[in-house]
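Student: Below: one structure in structure tokens.
The values are calculated or read from the model by the stated rules, or taken from the named source; none is laboratory data. Since the structure is predicted, the reported quantities are computational estimates derived from the model, not experimental observations. Note that each Cβ is placed from the backbone with ideal geometry, even for glycine, and that neighbours are counted across all protein chains shown. We work out accessible area using only protein heavy atoms, side chains counted, and drop any ligands, DNA or RNA first. Shrake-Rupley method; radii C 1.70, N 1.55, O 1.52, S 1.80 Å.
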Amino acid sequence: AQKITQTQPGMFVQEKEAVTLDCTYDTSDPSYGLFWYKQPSSGEMIFLIYQGSYDQQNATEGRYSLNFQKARKSANLVISASQLGDSAMYFCAMREGPTIRGGGFKTIFGAGTRLFVKA
Amino acid sequence: DAGVIQSPRHEVTEMGQEVTLRCKPISGHDYLFWYRQTMMRGLELLIYFNNNVPIDDSGMPEDRFSAKMPNASFSTLKIQPSEPRDSAVYFCASSFSEPDRFGVKNIQYFGAGTRLSVL
């Protein structure tokens, strides 16, 4: 069965420093996708970054990078040069599929990590 | 692009009443997802559609919940009768089966959510 684990309920980071948010997953499907979303206090869910299971290169999007370690089943989010606006809840998510036969995109989310950026 | 549009943003109703939540996905997207977010259970996938057809409704909590997608630009989630434990934020998300080097990305973009309070 799919499982996503975020072990850090809360994290503090000093402004302008880098921070790593942990995410481990469990799946028996060889084809899957990993996502990170940001949820600020206003409540919306903002897509940050995506990593496909077959892509050996770590994904990067501006100040966000995804440290993908497939053998360890981890997909940690690294935020470089933290800003006050990065204070938010961060969710890791996993989608199983698609397969060569096609198929659905059932997605599960972790419990989230609340990040606090200090000035 | 207007993004995923949900209405209403807030809904307050009394136990036993019917509640209908609405969603307009991003034009051209072929997948639509309904999620529920609570403090206790986090973000849960309720149901998702592909090309207007329900693919997986295993997350729908009980028969009081139903979802429809009559066309590519509109979906509803209905709760009848509503109960206080249904109080939550309900998100709609849509995605497009975007091919990448290794398969399909299928990044979900979320609406702003509907905050439901059942008294």
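Student: With unit charges on the beta carbon (Lys/Arg positive, Asp/Glu negative), name the residue among B:53, B:79, B:7 whose Cα is farthest towards the positive pole of the charge dipole of segment B:1-105.
Tutor: Toward the positive end, the furthest listed residue is B:7.
Student: Does the protein assembly as shown come out rounded, prolate or oblate by the C-alpha gyration tensor, with a ≥ b ≥ c the root eigenvalues, rounded set by a/c under 1.5 and, if not, prolate when a/b is larger than b/c and oblate if not?
Tutor: Because a/c hits 1.5 or more and a/b fails to exceed b/c, the protein assembly as shown counts as oblate.
Student: Roughly how many Å is it from the Cα centre of segment B:19-92 to that of segment A:14-83, as a whole number?
Tutor: If we compute the Cα centre of each part, the gap is 26 Å.
Student: How much FRET efficiency would the formula 1/(1 + (r/R0)^6) give for residue A:54 and residue A:26, where r is the Cβ-Cβ distance and R0 is 22 Å, rounded to 0.05?
Tutor: Values: r = 18 Å, r/R0 = 0.81.
That gives a FRET efficiency of 0.80.
Student: Give me the dipole magnitude in Debye, nearest 20, for the protein assembly as shown about the Cα centre, with unit charges on the beta carbon: positive for Lys and Arg, negative for Asp and Glu. Each step should come with its number before you reach the end.
Tutor: On the way: 24 positive and 24 negative charges, 58 e Å.
Value, rounded to 20: 280 debye.
Student: Let me ask something additional. Suppose every K and R has +1 on its Cβ and every D and E has -1 on its Cβ; what is the size of the dipole of segment B:6-119 about the Cα centre, in Debye to the nearest 20?
Tutor: Here segment B:6-119 has a charge dipole of around 300 debye.
Student: So if I place +1 on the C-beta of Lys and Arg and -1 on the C-beta of Asp and Glu, and nothing else carries charge, what would the dipole magnitude of segment A:1-103 be about its Cα centre? I want it in debye, nearest 20.
Tutor: Details: 9 positive and 10 negative charges, 49 e Å.
Rounded to the nearest 20 debye, it is 240 debye.
Student: Report ³J(HN,Hα) in whole Hz for each residue of segment A:80-88, in order, from the Karplus equation J = 6.51 cos²θ - 1.76 cosθ + 1.60 where θ = phi - 60°; Gly and Pro get x.
Tutor: 8, 6, 3, 10, 4, x, 7, 4, 4
Student: Could you point to the residue in B:17, A:28, A:76 farthest towards the positive end of the protein assembly as shown's charge dipole, with +1 and -1 charges on the Cβ of Lys/Arg and Asp/Glu respectively?
Tutor: A:76
Student: On a full-extension model of 0.36 nm per residue, what is the gain between residue B:39 and residue B:17, subtracting their alpha-carbon distance, rounded to one decimal in nm?
Tutor: 5.6 nm is the gain from fully extending residue B:39 to residue B:17.
Student: Return the long-range amide H neighbours of residue A:87 (sequence gap of 5 or more, or a different chain), with a cut-off of under 5 Å between placed amide H atoms.
Tutor: A:117
Student: Can I ask one more? If you count only protein heavy atoms and use a 1.4 Å probe, how large is the accessible surface of residue B:63, to the nearest 10 Å²?
Tutor: Ignoring ligands and nucleic acids, residue B:63 comes out at about 150 Å².
Student: Using a probe radius of 1.4 Å on heavy atoms only, what accessible surface per residue do you get for chain B? Whole Å² is fine.
Tutor: On a per-residue basis, 50 Å².
Student: Right, something else. In sequence order, what are the phi-derived ³J(HN,Hα) couplings for segment A:7-24 according to the Karplus relation 6.51 cos²θ - 1.76 cosθ + 1.60 with θ = phi - 60°, rounded to whole Hz, with x for glycine and proline?
Tutor: With the stated coefficients, segment A:7-24 comes to 8, 9, x, x, 9, 10, 9, 7, 3, 6, 8, 8, 9, 10, 9, 8, 8, 10 Hz.
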